[in-house]
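Chemist: Quick one: structure below, then a few questions.
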Amino acid sequence: MRWQVVLLVLGGCGPPKLDWDWENPGDSRVNTDDSAPPDDTAAPDDSDEPDDSAEPVEYDCDNLPEFNLGDATIEEARGYHGLVMDDEGHAIGWDGRNALVKATYDGDREAWLPGQRSAEQLARHPITGDIYMARPSEGAVVKITPDGATTTLITDLWGIYGVIIGPDENLYLANHDVHRLDLDTMELTLMAEAPNNGSWSAHSLGFGLDSTYLYIGTIGQGQVFRLPLDEDLNPAGELELFTRLPGGWLDAVGVDACGNLWVPDYYSSALFRITPDGEYQHMVRTDSRAYGHGLAWGSGIGGWRNDTLYMPQPYNNNRVREVIIGVPDGRFVRTWNGNPVPF
């Protein structure tokens with residue numbers, strides 16, 4: 001078997017789908033009761049949690065689990081459509097009302113940055129700690145420093161939702177089309193354009209492990225596209241249909257260390273794992289209220305598992321869903337022109 005270890009202290013069209021039994025998806029438990037925390041059977045096993053030293057994750061890309069390894073709700077964390085992890089053991093997300101909230105895995109919560117009236121996805125620079133937030137009410141991208149100072153970088157990018165940091169440390173944005181924002185010059189470059197017929201629009205983004213493709217999740221008919229990139233991360237060809245999911249509103253594209261894509265779909269309330277060959281599999285028990293409208297890997301600090309997706313739940317009072325997948329974030333093995341990058 002081929003085992004890989006990642007140390008988390010480092011700063012074709014229409015493929016076939018896999019068979020799925022909707023009536024018996026596996027042993028997965030989600031607590032959606034407003035009044036009570038998850039019961040003991042749904043709570044994460046403390047013995048499996050990494051400590052603050054962020055232990056390495058062992059995983060075998062040729063022998064991945066067929067379903068999630070655990071599914072629960074983190075009652076005190078908050079997230080709407082985006083979530084990030086800091087280096088002090090907090091999850092940071094919007095509370096759906098007026099503040100960005102910091103929460104520990106053990107249940108401490110504070111309103112960290114009040115006065116935030118709208119927020120979509122968030123991206124955090126793992127070296128500087130700066131957070132970039134899509135603010136749809138202004139068509140804006142906002143930079144938030146670790147001490148909470150805010151700067152509006154651009155406005156009038158209406159329909160903005162997806163925000164990620166590219167291997168070049170610039171922002172890549174989805175607002176029906178796909179743009180790159182150069183953080184040194186504030187120049188906005190069109191990377192991919194949605195068709196005028198409205199058959200799809202770009203909604204979420206993720207880079208492949210060797211940075212030669214940008215994956216694009218859509219609002220449409222379940223299309224996931226990939227855009228070929230050159231050595232400067234400029235478009236190097238036409239958009240390719242990578243796969244088509246049985247949904248139509250794809251709210252995130254996460255890429256794990258094996259090159260699989262993780263894509264939540266609003267229409268079906270599902271979370272899909274898509275292999276590098278484009279085959280897909282359902283990975284959670286579907287529940288519209290528990291649906292995770294975005295995703296972020298845990299930091300490995302303070303109980304947040306680094307082999308686990310944390311997903312904001314706007315339909316469960318903005319709580320956070322924990323889905324253990326057994327594979328770390330792909331950014332720890334990502335390369336650009338053959339060189340390691342931490343994004």
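Chemist: Provide the per-residue ³J(HN,Hα) series for region 318-334, in order, calculated from phi with Karplus coefficients 6.51, -1.76, 1.60 and θ = phi - 60°, each as a whole number of Hz, with x at glycine and proline positions.
Modeler: Values, residue by residue: 6, 6, 10, 9, 10, 10, 7, 10, x, 9, x, 4, x, 5, 7, 10, 6 Hz.
Chemist: Also: What length, rounded to one decimal in nm, is gained on full extension from Asp62 through to Asn317, with 0.36 nm per residue of separation minus their alpha-carbon distance?
Modeler: So the chain would gain 88.1 nm between Asp62 and Asn317.
Chemist: For a protection proxy built on the mean count of beta-carbon atoms within 10 angstrom, sort 112-120, 288-296, 142-150, 208-216 highest first, please.
Modeler: The densest-packed peptide leads the list: 288-296, 208-216, 112-120, 142-150.
Chemist: What is the calculated FRET efficiency for Asp184 to Asp108, with r their C-beta to C-beta distance and R₀ = 30 Å, to the nearest 0.05?
Modeler: That pair, Asp184 with Asp108, gives E of 0.20.
Chemist: Estimate the FRET efficiency between Ser199 and Asn98 by the formula 1/(1 + (r/R0)^6), using the beta-carbon distance for r and 45 Å for R0, to the nearest 0.05.
Modeler: Once the sixth-power term is evaluated, E becomes 0.80.
Chemist: Let me ask something else about it. Taking θ as phi - 60°, what are the ³J(HN,Hα) couplings along region 196-206 by the Karplus curve (6.51, -1.76, 1.60), each to the nearest whole Hz, with x for Gly and Pro?
Modeler: Once rounded to whole Hz, the list reads 5, 7, x, 5, 7, 9, 6, 10, 8, 9, x.
Chemist: Same structure, new question: Modelling each spin label as a point 7 Å along the Cα-to-Cβ direction, I'd like the Asp232/Thr286 distance in nm, to one decimal.
Modeler: 4.4 nm
Chemist: Counting heavy atoms of the protein chains only and a 1.4 Å probe, report the per residue accessible area for region 215-277 as a whole number of Å².
Modeler: Normalised by residue count, the accessible surface of region 215-277 is 31 Å².
Chemist: Once the whole set of protein chains is in place, how much accessible area is left on Ile74, using a 1.4 Å probe, in Å² to the nearest 10?
Modeler: 20 Å²
Chemist: Quote to one decimal, in nm, the extra length available between Thr335 and Leu241 on full extension: 0.36 nm per residue of separation minus the C-alpha distance between them.
Modeler: 31.5 nm
The values are calculated or read from the model by the stated rules, or taken from the named source; none is laboratory data. None of these values were measured; they are calculated from a predicted model. All Cβ positions, glycine included, derive from the backbone under ideal geometry; neighbour counts span all protein chains shown. Surface areas here come from the heavy atoms of the whole protein model, side chains and all, with no ligands, DNA or RNA. Shrake-Rupley method; radii C 1.70, N 1.55, O 1.52, S 1.80 Å.
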